[in-house]
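One structure is given below, encoded as structure tokens.
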Amino acid sequence: MREQKRIIQNLEAFLEQSPVADTEVIYNGWTEATTRFAHNIIHQNVSDKNSSVTIRTMEDGHIGVLTTNQLDQTRVRDVIARVVTRMRENPRMEPEYVLRGAEQYRALHNFSEQTAHMTADHRASIVEAIIHQVTQAGLMAAGALVTGYHITSIVNSKGLRAYHRRSTFELTLTLIDNQGGSGWTIFSGSNVDGDCVQDRVNRCIQRTLATRNPQKIEPGRYTVILEPPATGVMLEFLGYLAFSAKEYLRGRSVLSDRLGQAVTGKHVTIHDDAYHPLTTGIPFDYEGAARQKVTLIDKGVATGLVHDSLTARTMNTVTTGHSLPQPNTIGPLPLNLVMDPGQNALEHIIAQTDNGILVTRFHYNRVVDRKNSVLTGLTRDGTFAIRNGEIAFPINNLRYNTNILEAFSRIEHISSEHYLVGEYAKVVAPALKLDDFLFTDVSDH
């Protein structure tokens, strides 16, 4: 509470110095500590602590924005003077932005003191235990363990006062076998879960050992089982391509003119939910609006979009609390996507598959056709043939090319297991079994 009070008081100092009636101040602060390892040796411990303030002033449609990490109170007057000068020099913008007044937020508990302030020794002990397991299996480990916390706070001249802090824990692990195989796993969240980390590491070791001596198969259309990191890629890109109201209004969204229609199979329900227990979201957006749970696809039907205040006004609705810092050219974005899990464990889904391909994850993913949600990329760190309900043998990596929504229309099963994954944005993803998945080329590795 003392930290919250101190930060808000510091931000209010900017408001007090501003001669502009509509002034907003956003604080972003973070502490991030990283333990990196490679060749089964910890080789780096680094930490970073920083903070910034973004000031936005608005007057008669003119907007000034300035971001600084010079937070000394003696510099407040100078910073405000610069942003006001910018505002008056900038052309008038349409439509005009409107600041929000005071708002209440539902409590969101995703802060752990232990995780936020984890010491280098503690991180090293976690990594050393993993390295010991990996060494015993005859493998080589590389990766990073990152811990820390983030603080976001917003104050404005209309009385809005928002503050949230969240802790973060992320372990990424790549395993290399001296016979050419590899494996990969991730654990991400607001707190360390030792049992879950152990389970992921154990599975990664087993899968890595199984990647030795891969066989080539012909490109073509296959039944595939995508593990959560592979599903997560599809969700990450869909969040960017489909669900922004601004992109919908531009006619560039995958869902443009398709709201209310079936766009995937009936197995698929996707929400954006900052309050889901596996996410690391915050309870408000960068306009200070409370984040709402938005159902975007409900049993295959496109039912919603995410809004900021500008798109809400244009579409005669209310903001869903998904604004990025304003003004911006991107519009609102879903930052906490969740695909509802299914009923069956991944191992059961594999056991029910006569002939297919199991994909650990994708990499080097790129958009081929934005309007039709077509992606391409490569499998990596564990691609296997499934025969008669078992993981039969490893196969060389394959290039995929797929329309996300069409692929989601061919889902047979969704796993009961789901967890937080993602490279560009964090999403909660299960494993998927789907038919007719196109691989266009095969790698030499």
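No lab work stands behind these numbers, since they all come straight from the coordinates. Worth saying up front: this structure is predicted, and the values here are computed from it rather than measured. All Cβ positions, glycine included, derive from the backbone under ideal geometry; neighbour counts span all protein chains shown.
The amide H of F111, built 1.01 Å from its N in the peptide plane, has S167 as neighbours under 5 Å, considering only residues 5 or more places off or on other chains.
The simple spin-label model puts a point 7 Å past each Cα toward its Cβ; for A351 and N403 those points are separated by 3.6 nm.
Residue by residue, the stretch 391-408 carries 3J(HN,Hα) couplings of 6, 8, 6, x, 10, 4, 5, 10, 8, 9, 8, 8, 8, 4, 5, 5, 4, 5 Hz when phi is fed to the Karplus relation 6.51 cos²θ - 1.76 cosθ + 1.60 (θ = phi - 60°); x denotes Gly or Pro.
Put in line by how crowded their Cβ is, counting other Cβ atoms within 10 Å and starting with the fewest, K158, K49 read K49, K158.
Lys-Lys pairs in the chain that are eight or more residues apart or on separate chains and whose Cα atoms lie under 25 Å of each other come to 19. The length gained by stretching the chain between E113 and E96 to full extension, at 0.36 nm per residue less their Cα-Cα distance, is 2.0 nm. Helix 2-17 axis versus longest C-alpha principal axis of the chain: approximately 50°, rounded to the nearest ten. Using the average count of surrounding beta-carbon atoms within 10 Å as a protection proxy, the listed peptides 144-151, 179-186 rank, highest first, as 144-151, 179-186. Sorting F393, F169 from the fewest to the most surrounding beta carbons within 10 angstrom yields F393, F169. Mind running the shape call on the chain? Use the C-alpha gyration tensor, a ≥ b ≥ c as the square roots of the eigenvalues: rounded below 1.5 for a/c, prolate if a/b tops b/c, oblate otherwise. Oblate is the answer for the chain, as a/c is 1.5 or above yet b/c matches or exceeds a/b.
Between K216 and Q133, the C-beta separation translates, for a Förster distance of 35 Å, into a calculated FRET efficiency of about 0.65.
With neighbour counts taken as other beta-carbon atoms within 10 Å, the residues C196, C204 rank, fewest first, as C196, C204. The sum of -39500 (n - 2.57) across all DSSP H runs of n ≥ 4, divided by the residue count of the chain, sets its helix-only mean residue ellipticity at 222 nm to -7000 deg cm²/dmol.
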